[in-house]
Each structure stands twice: as C-alpha cells, then as structure tokens.
Amino acid sequence: MSKVRQGNFFEDFSVGMHIQHPTPRTLTEGDRSLYIGLTGSRDAIGSAETVSAALGFEKRPMEDFLVFNIAFGKTVPDISLNAIANLGYADVRFVRPVYAQDTLRVSSDVIGLRETSNGKAGIVYTQSVATNQRNEEVLTWVRWVMIHKRNKDEVSGVNVIPPLPQEVAVQHFPALQVNAAAEVMFEATRSRFFWEDYSAGERIDHMSAMTINDSDHSQATRLYQNTAKAHFDAYTMAASGMQQRLVYGGHVISLCKALSYDGLENAICVLAMNGGNHVSPTFSGDTLVCATQIKEQIELGHPHMGALRLRLIAAKNIGAASKIIFTEKHQGKIEYPPEVVLDLDYVIAIPKKPNNKV
Amino acid sequence: MSKVRQGNFFEDFSVGMHIQHPTPRTLTEGDRSLYIGLTGSRDAIGSAETVSAALGFEKRPMEDFLVFNIAFGKTVPDISLNAIANLGYADVRFVRPVYAQDTLRVSSDVIGLRETSNGKAGIVYTQSVATNQRNEEVLTWVRWVMIHKRNKDEVSGVNVIPPLPQEVAVQHFPALQVNAAAEVMFEATRSRFFWEDYSAGERIDHMSAMTINDSDHSQATRLYQNTAKAHFDAYTMAASGMQQRLVYGGHVISLCKALSYDGLENAICVLAMNGGNHVSPTFSGDTLVCATQIKEQIELGHPHMGALRLRLIAAKNIGAASKIIFTEKHQGKIEYPPEVVLDLDYVIAIPKKPNNKV
Amino acid sequence: MSKVRQGNFFEDFSVGMHIQHPTPRTLTEGDRSLYIGLTGSRDAIGSAETVSAALGFEKRPMEDFLVFNIAFGKTVPDISLNAIANLGYADVRFVRPVYAQDTLRVSSDVIGLRETSNGKAGIVYTQSVATNQRNEEVLTWVRWVMIHKRNKDEVSGVNVIPPLPQEVAVQHFPALQVNAAAEVMFEATRSRFFWEDYSAGERIDHMSAMTINDSDHSQATRLYQNTAKAHFDAYTMAASGMQQRLVYGGHVISLCKALSYDGLENAICVLAMNGGNHVSPTFSGDTLVCATQIKEQIELGHPHMGALRLRLIAAKNIGAASKIIFTEKHQGKIEYPPEVVLDLDYVIAIPKKPNNKV
C-alpha cells in the first residue's frame, strides 16, 4: 500500500463525509511580516498594535485573507489536489479574529456532489470550518471544485446540489466590540471617508498596480502550506496548456485586498465573502489593477460601525483601474472581458461618522 | 469627490504645512527575519540578543536601515507619490533604538519649496519625525524631492530654501549607554579592528557582491509599505524611459550596509546620515559592490565608543569593489562614473580599543 | 593590513586549530515563517504549538534543517569562503531542540588536512559545534571541503585523515522525552503509518515537485547568513564554468525534507545525518523531485518512538520521483545519473504504533 496520499478523486467523496485536514498551524508575527512583504498590505489594524488596542481588540488581529489562505491551504491535500478548477466560494464567514500564537485546525464536510454534464468529471461541494486552539470557530466557508474521476467513463448519476446562499446574512457577521471607531481609524489612516460617505453604485478605481514575480506567488503559496502542484512545478506545467506555473488565486485576492486600501482606508475588517470567481488565470509577470463597486450600505445596528458590500474586479496588464469594465449577469451568466482575473463579492466593516450615533 | 488620494502635487504644498502620515506600524521579529533574508545583514547587535544584552541595550534593537526604510515609506503617499526624483537626504538622526513591538508614527513639516530653473516642476523640502508609542522621537530626517506640478505652465516664483546642515553635529548623536563594548563586540565578531584602527582617508573594499532579483526588491519595498509605483508596476514602467521597475533606493542602502559588514564588523549602530545620493537607478539583475572611505574619526567623549564618519560608494556590474572610483566635488558638483549608484555619507559608533579609557 | 577578512586558504589551517565563528544568531518565529515560505515545510511539530506541547516539548522546536543551515552558515566565512567544493558531511548529530529566542554560537576544530592527489589544492576536515545561550550543545557535525591554496605549486605533504563514522551510533541520538507519540501525531497528520509500517528496502516516491527561483534560494541563503559568493554574485558567476549563481546545497536539503513530508508525515524530528553528497549543482529554474528508500528500522528502546534510517535521492527536471534511480556503491564509488543532485543518508524519529509498548 502506497505511503503517499495521492489526494481524493471524485469517486472517493460521498455526501456527509467528514474530513479532518492535516496539519494544524500556529500563526505568528512572522507570518504577518511575510504577508506584508508579499502583498504590501497597509491594513490599519494589521499594521499597528496601537490601532487595534484603541479599537478594543484583545490583540492585533491577523490579516483576514492571511487567515483565509492558511485555512484554505489546509483543505487542498484532501479536497483539491486532483482539482481541474476551483469553481467558487460561498457563505464565507469571518467569525472571530485570529491572533498571533493561535493554532488553527480545519475540517470539511462534503455537502454536495454532481457529475459534469458530460459525466467525465465531478463537482464536489464542501463546507469547511477553521477552529482555534480553544475550539472556537474562526472561519467557515463553502467552496465547490471540479475534480477528476479515477474512471471518467463510469457515470454514477449522483446529483446532490446543496443550497448556496447568495449572501451571508447580517446575523452571521461577527459581533465586534469596537470603540470610537471613526476617531481611532482617522487617527491611523487620515482618511475622512466613513460608512455614510459611500453609496451604492459608487465606483472606486484603486490607483496602484502590482506585478507578480514567480518567487512572490510561490513563496506566498508555500507560506499557506498549499500544496497544489500547478503553483510550484514549472517542469510539469511547461507541458500543460498553461505552459507555466499558475498563480494561486488566494494570492490574487490578497494582493487586490492590499491594493484596495486606497479609497477604503477605514475598512476595519472583512466580515464575510459572498462569492468569488477566479475568472482567468494569473501568471508570473502579470500586473494587476483593481476597482471596487459599492453594492450596498448595510446597517449593522452598531453605534460605531456599518458594513459595505463590495464588488471588486481585478484585471491584468491594462495599465489603469479606470479601464476595468464591470459586466453584469445576463441570462444567469456573466461575460467577462479577457483581462479580468477576479470578481469578488465581500463585506467589510467600516466606522460610521463620528457624530452619527444609532 | 474621489475616494482615492492621488498624492500631492507641487502646488499642494506650502511652507509650514504639517502632515501626519498614515498608517502607524508595529515592528516585530518577523520584520527583522525578513530583513535578514532580503539583505543578508550580519549586524552583530541585530543578529543576537546575547550581544545586545551584554552591551546594555534594553532589548535587541531593530536594524537601523530597517527602521529608516519603514519610517521613510510612511511619507511616500503624501510627499513623493508624484515625485520625479528623490534628490537627497540631510540631517538624518538615529535618535533612539527601536525594539520589536514598538509602533512607529511619522509626520513631516514642509520646510522649503522652490521651482526648478525652467519652472516646470518644483522641489519640496521636508523635515520628518518618526516617534514610538511613547511619543519619543526615534528618527528624524530632512529630504528633498522633485515633484510634478498639476499645471507646469503656471510659475509661482516660490523660492524658500531651508538651511541644510552638511553634517549632523555630535551633540545630536544618540546618547548610548554601552558597556565594555570592545570585549563584547570582539566576542561576537572576532574582529580586532576598533575605533583607533581606522584612519581618515583609509579605504575598505568590501569583498562580497549582491545580485538583486525582482522579487527581492519588490518584497523589501512592500515590507516597508512604500507605495511608489515605479517599484511595483512593470506594465507601466515598460513604457517609461526606464523600461522596467526601479529598485527602491532604500533597499540599495540596506544591501550596501549589509555588504559593508566585512571590514566594519564592530560597528555598533548608525548614529547619523549626513547625506545620500542615489546617483543612478538600479534594476533587477544588477550586481552591487561597495567600498567605504573613512572620512573622520570622531571622539564622542565616551569611555567605550568612538564614531567614524564614512563615505560609502556602491557601483553595479563591475565585478569587484576595488574598481570603484571615489570622485570628489569639483566646482560644487561631483561627476560620477556611470556605474556608481549610491554615494552615502554616514556615521557609525564603534568600540574603542579595550585598554583605551577616556 | 587589510580590514577585510578574505577567508582562510589551505595553508592557513592546521590540525588542532580551534575557530570561534562570528556572529551569534538568535532564532525567532520570524525565521520559522520565512523558512516555511521558502521551503513549504509542513513538519507537524514545526507547524503547530498544540502538537509540540502534546508531545511534551518545552516549546515548539525550530525545524531541524533551519537550525542546520543557520549553524552551517556561521562556518562559511572562516572555513569555506575559498572552497572549491563541499565534499561531504558526517556524524551530524541533532543533540537538542532549538526554540524561538535561543541564540546559537558555532565553533569548529580542524581535525584533518590533506592535499589533493595533484597537490594543487587541499581538503580540510572540521568538527563543528553549535551551542545555545546556556552553552548546551544543540548540533554537532563533521564536514570536509576542498579549498584553494594560496600557492598551488608548494606541496606540503600534509596527510591527516580523521576517522569518519559511517553512521551516527544510536547512543548519540538525542534522548527525547516524548509522550503518546502515535496518538498525537495521528491527530495532527491523519497518517496511519508508523514505525512498524516501514520496512528496509521500501521506497517512497514523494509526489510533489518544487521549482527554485533566484529570489527563493538567495533569500534562504541570506536568511542563513551564509556568505559564499557563488550564491549571490551573478556578475562574477556569469564568467565561471557554472555561468550563473549556484543554489546553496543546504537549501536543496531543506526543500527535499519538505517534499518528503508526503509519505513520512509522522516524522517527529531528525535525529542524525550520516552523510550527504551534493552530487550535481542546482540552478534557478530547476525543478526538484525526490524519493526515499528505507535503509533500516532502528529500535530506540523507547516506549513510543522508533527511528528510521533513510536514503533520500533528489533529481532535477525529470518530471516525477518515480523516475529516480537509486544507484549503489560499486568498487567504493557511486555512479549517479546526471539528473541526481543530492544523496542524503539521515535518521528520523517516528512514533511506534499506538498499541505497541516496549
């Protein structure tokens, strides 16, 4: 019997199956430094203990997408080592802050299975949970992945599609105890734009661009202990349709979150991700720009904070975020221009104006 | 009103203007590790807690140019996002050590403004201060930058040139409480060269060379949260005169400081930087070498330590530090050979010989 | 007298000579994060404090080859700056775990010297010791290096070859106090393969591959404060027989140790390294795969742990570990296929099956 786990194929999954993923991971300030070095994150709370302390956080929270990418990476050996494509995320809830020295464990339940229309491959839906060393949930998410079959000629007819929420409901957002948010955030970011200043439909073109190098993305992906071969094995990928290593999609999300600081400086944290689509592959040498559309101002019933639902689109090698086109769903499908690499639907917390008490 | 701050143009500055820069930053041991990984620093105090403790430091100080580069990076969004060129530094004072978990905030005052000779652009002089979480100054510096005008055809005639000290006066050096420095440093570095062993005019050719890769310099610059586009946006830079991304000058300084360990092993810390000139751009793939000239032995009136004023010249792609030419000022101007990229005038503390008491 | 130490040549060494290497180094969680980012290590104990605590470790041990590479790097300026080739390692003992905040010092004794057959160069044998801040040994090793002579025409006839053990004896393995190892490790790794499940002669083809980029290997080598020029100076190396920078062999070992997680998930730590041969150079762009052969099951007389002696072979640019050929010694010499870069003989601790008490 082979000692090496080759990952699961479509036939290995069954609805209701529970998978405890190896290996737990303790996050540290070293991970944060490397995350800043790899993404350029200027997140106010992640950058300074004085800011997180003034807001009332116990300690300085880890950057949200650092947590997401490390938790996600844990699921790869069991779920997506034999993936053809990551099709989507839904119902991603940032339940609780993660601090340095917290240790994360991740498990998943298989909640859906169906074969592709031609039956040659399958789609696996999983619900994953990351918990800390006190067994408290810190992050939960659903994703679905197209996975190779061992035997693509054997059709099982399995067809269990789980309900996928279009959005995370407000009651599932984390209950943050946050003090005098506007004053604290303004002191840190010098931005005077708060919750009330953003309106649905408004568009923000983030001014900076970021070119990705091979060592950047592969180092980030190793930091996340994500083992998907497409990101690391240039020799094999040279013979693939891609002809080269593929940048891990989670690194693209992290880079875009960092670029989106300009115009959203007062974002306190990510509350939820409603969905995400890696529209096209990103390669080393590509230069990313991104723009954000405000989809909705969400009242949290909190004296100091509101939420904004955002749509972020990232594109490559076009020179400026102002050239990004926001295409809408048409007959259930979105047609993207070829330069678009990411379409992300997520929710941030942001202070209300200082003089606006609920 | 655009949510995105596009940085200031020349017309946006006025003499006496005070700018509090976003966002504060907590430095950690993770930043130090990455700094070592990116520069190869072997600084004795930065490398080992046993050394800093034996010298009498409260904790292990952060590397001086890590602090400088992080503090400098904070000023970029407000001061130099629309810079044409960083023209120089003066009066850089390393006031107080920075330790892991210290949080830095940076502010600047505009102390001078003048238009270029053709009036199409302007030069802004700023005095910046980095403070820690106890509001103690840790680093202060002056720099001047050539900045685009919004309207290059409108000439204002502003012409306020601040006094720029040629050197930091001894009384502005930090007052370091340092024990038996020579014994401690020798134990760490095994070098027997101390303050008295260096004489003005002496030249040291640092033996190592360092090739810079794209991921090295862009990762360093992101670590410093420096957002200047020229370092990150290969797509736009391909269409510029440079044709490629430019290596951040502060990373060049850090690399050369690390290379200069060989021959200056017993350097305790940087006390001041009198000036610095990024003579030519550095690009990915360039290989740097550097040499140091001792300009002056400075008596600090300290029983265990003296200071050395150094001139460091770095050059690219010439094979050996011995080929570096130290050109002098002629009619107020220094002509540099094309391979020179950096001319740095700075001051280090170094132990006096063990038996030499003041 | 030159301030710059140019490293020792063959004539500078004498048998019995003791060298205290500069500079001590404090290891931190930042070093670990960067090590994970550079290697992708998923080592269960290095990844999670919950795991090391459950096993009974005082704190979370640093990854074994991170310690090895940092300790090794310390010896380079004195021993191998003028090396022609690193010929081998022997008797490498991982004496004691290293934890974050431990400070390592390294010294070496010259234990052997001989000239090459043509007398133009020499081979230096050294015994090195790394100690922590309590002066406890943490790592000891022997290596031998071919070194340039100052004067290659002067033959001294020196010929002192030290005894080199073929393997580290069991009594020199560290005495680890480890609790209920199988249960703890299974909980972390989800692998059911323990000491009894591996048998001599068995082969494991590790499924992942890793492409090395310039910034990866040079960053790793700088993290180790290893100053050997061949890894950093692309300008000079372009004119060498290699035509490019050489990847530091210790980084290759670290990468292969990380790749070998798959199939050896329950490895607790490295106990010893009997030998290692950097068969061929590795360059940026090369893609490594590796395979392990179980050489021996070693009974440690420990209730919860046994040891496995392993032979790891790494090869480049062949697509799959299954293509690796394990050639054996023939007339005292091993002939390797051209793709092989590393042949490593080392010993790991691994839990015994839960129900197997000594």
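The values are calculated or read from the model by the stated rules, or taken from the named source; none is laboratory data. It should be emphasised that the depicted structure is a prediction, and the values quoted were computed from it without experimental measurement. All Cβ positions, even for glycine, are placed from backbone atoms using ideal geometry, and neighbour counts span all protein chains on display. Only protein heavy atoms, including side chains, enter the accessible area calculation; ligands, DNA and RNA are left aside. Shrake-Rupley method; radii C 1.70, N 1.55, O 1.52, S 1.80 Å.
Remarks
- Conditions (1) open to solvent by 10 Å² or more (accessible area, probe 1.4 Å); (2) under 30 Å from A:Ser52 (Cβ atoms): number failed by A:Leu308: (1)
- Scope the range C:239-250; condition at negative phi, open to solvent by 40 Å² or more (accessible area, probe 1.4 Å) and either within 9 Å of another protein chain (Cβ to nearest Cβ) or not small (Gly, Ala, Ser) (or both); matching residues: C:Ala239, C:Met242, C:Gln244
- Of all residues in the range A:151-177, those that are of a type in the set (Gly, Ala, Ser) have Cβ atoms under 8 Å from Cβ atoms of residues that are open to solvent by less than 90 Å² (accessible area, probe 1.4 Å), 6 or more apart or on another chain, in A:Ser156/A:Glu11; A:Ser156/A:Glu115; A:Gly157/A:Glu115.
- Restricting the range C:81-99 to residues that are in a loop (DSSP other than H, G, I, E, B) and at pLDDT 95 or above leaves a set whose member that is farthest from C:Gly46 (Cα to Cα) is C:Val95.
- Complete set of residues in the range A:247-268 that are in a loop (DSSP other than H, G, I, E, B) and either small (Gly, Ala, Ser) or at pLDDT below 95 (or both): A:Ser260, A:Gly263, A:Ala267
- Residue in the range A:44-60 that is out of contact with any Leu (no Cβ under 7 Å at 6 or more places or on another chain), buried (at least 20 other Cβ atoms within 10 Å of the Cβ) and within 30 Å of A:Ile123 (Cα to Cα) present: no
- Only listed residue being touching a residue at least 40 places away in the same chain (Cβ under 8 Å), closer than 19 Å to B:Leu27 by Cβ and within 12 Å of chain C (Cβ to nearest Cβ), chosen from A:Arg5, A:Arg25, A:Arg32: A:Arg32
- From the list C:Ser41, C:Ser14, the one residue that fits, being touching a residue at least 24 places away in the same chain (Cβ under 8 Å) and more than 9 Å from chain A (Cβ to nearest Cβ), is C:Ser14.
- Checked against (1) open to solvent by less than 20 Å² (accessible area, probe 1.4 Å); (2) in contact (Cβ under 8 Å) with a residue 60 or more places away in the chain, B:Val95 passes all but a single condition, namely (1).
- Within the option set B:Ala188, B:Ala181, B:Ala234, being surrounded by 21 or more Cβ atoms within 10 Å (Cβ to Cβ), free of Cβ contacts under 8 Å to residues at least 60 places away in the same chain and aliphatic (A, V, I, L, M) holds for one residue only, B:Ala234.
- Subset tally (residues that are under 15 Å from C:Asp262 (Cα atoms), in a helix (DSSP H, G or I) and small (Gly, Ala, Ser)) for the range C:175-209: 1
- Some residue of the range B:105-128 being small (Gly, Ala, Ser), touching a residue at least 24 places away in the same chain (Cβ under 8 Å), open to solvent by 10 Å² or more (accessible area, probe 1.4 Å) and over 26 Å from B:His21 (Cβ atoms): no
- Of all the residues in the range C:323-347, those that are open to solvent by 30 Å² or more (accessible area, probe 1.4 Å) and under 25 Å from C:Ile268 (Cα atoms) number 1.
- In this structure, B:Gln20 does satisfy being at the interface with another protein chain (Cβ under 8 Å from one of its Cβ atoms), in contact (Cβ under 8 Å) with a residue 24 or more places away in the chain, assigned to a strand (DSSP E or B) and open to solvent by 10 Å² or more (accessible area, probe 1.4 Å).
- Qualifying residue in the range B:23-35 (condition: small (Gly, Ala, Ser) and open to solvent by less than 10 Å² (accessible area, probe 1.4 Å)): yes
- Answer residue from the range A:210-231, given it is open to solvent by less than 10 Å² (accessible area, probe 1.4 Å), in contact with a strand residue (DSSP E or B) (Cβ under 8 Å, 6 or more places away or on another chain) and in a loop (DSSP other than H, G, I, E, B) and is farthest from the other protein chains (Cβ to nearest Cβ) among those: A:Ile212
- Residue identified as in contact (Cβ under 8 Å) with a residue 60 or more places away in the chain, open to solvent by 10 Å² or more (accessible area, probe 1.4 Å) and within 13 Å of chain C (Cβ to nearest Cβ) among B:Glu202, B:Glu265: B:Glu202
- Candidate set: the range A:70-85, residues that are more than 12 Å from every other protein chain (Cβ to nearest Cβ) and not aliphatic (A, V, I, L, M); chosen: the one surrounded by the most Cβ atoms within 10 Å (Cβ to Cβ): A:Phe72
- Tally, over the range C:149-178, of residues that are open to solvent by 80 Å² or more (accessible area, probe 1.4 Å) and either in contact with a Cys (Cβ under 6 Å, 6 or more places away or on another chain) or more than 20 Å from C:Asn277 (Cα to Cα) (or both): 10
- Under the condition of being part of a loop (DSSP other than H, G, I, E, B) and either more than 20 Å from C:Asp205 (Cβ to Cβ) or within 14 Å of chain A (Cβ to nearest Cβ) (or both), the residues counted in the range C:288-347 number 15.
- Residues within the range A:280-302 that are under 30 Å from B:Met237 (Cβ atoms) and open to solvent by 20 Å² or more (accessible area, probe 1.4 Å), tallied: 6
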